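The values are calculated or read from the model by the stated rules, or taken from the named source; none is laboratory data. If you're wondering where the values come from, they're calculated on a predicted model, not measured in any experiment. Cβ coordinates were reconstructed from backbone atoms using ideal geometry, including for glycine residues, and neighbour counts include every protein chain displayed.
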Amino acid sequence: MPKVCQISGKRPSSGNNVSHSVRRTKRRFLPNLQKKKVFNPKTGKYETMRISTSALRTLSKPARKKKAKATK
C-alpha cells in the first residue's frame, strides 16, 4: 500500500541525515498516516482510509457540531 494520504495527497519527501562530522546521506521523511473510518455522505457509509494526522484535524466531526450547539 503506498504511503500517501488519501485526502491531502501528502507523500514521502526526501532530505539528508547530517552526522556530527556533517557528512550527508539520503533519507526519507514519511507522512504520519493513520487508518481511520470516515463517513462518506454520498454513499451514506463509513470507509476505511489512510489519512495523515494533519488532514485528520481538518475533518468536521459530528460530535464537535453537537457540542458547539449545546454550548450556545
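Being part of a loop (DSSP other than H, G, I, E, B), of a type outside the set (S, T, Y) and in contact (Cβ under 8 Å) with a residue 24 or more places away in the chain is the filter here, so list the residues in the range 1-54 that pass it.
Keep residues of the range 1-54 that are part of a loop (DSSP other than H, G, I, E, B), which gives 1-12, 19-23, 30-32, 41-44.
Now restrict to residues that are of a type outside the set (S, T, Y): 1-7, 9-12, 20, 22-23, 30-32, 41-42, 44.
Matches in the range 1-54: M1, K3, V4, C5, Q6, I7, K10, L30, P31.
Say we look at the range 6-46 and pick out the residues that are among the hydrophobic types (A, V, I, L, M, F, W, C) and closer than 21 Å to K61 by Cβ; which of these is nearest to the chain's Cα centre (by Cα)? Can you show your working first?
Narrowing the range 6-46 to residues among the hydrophobic types (A, V, I, L, M, F, W, C): 7, 18, 22, 29-30, 33, 38-39.
Still in the running and closer than 21 Å to K61 by Cβ: 7, 33, 38-39.
Working: I7: 8, L33: 5, V38: 12, F39: 16 Å.
Among those that are among the hydrophobic types (A, V, I, L, M, F, W, C) and closer than 21 Å to K61 by Cβ, it is L33.
Condition test on V38, is it of a type in the set (A, V, I, L, M, F, W, C) and modelled with pLDDT of 95 or more? Write out each step before concluding.
Working: of a type in the set (A, V, I, L, M, F, W, C): yes; modelled with pLDDT of 95 or more: no.
So V38 fails the test.
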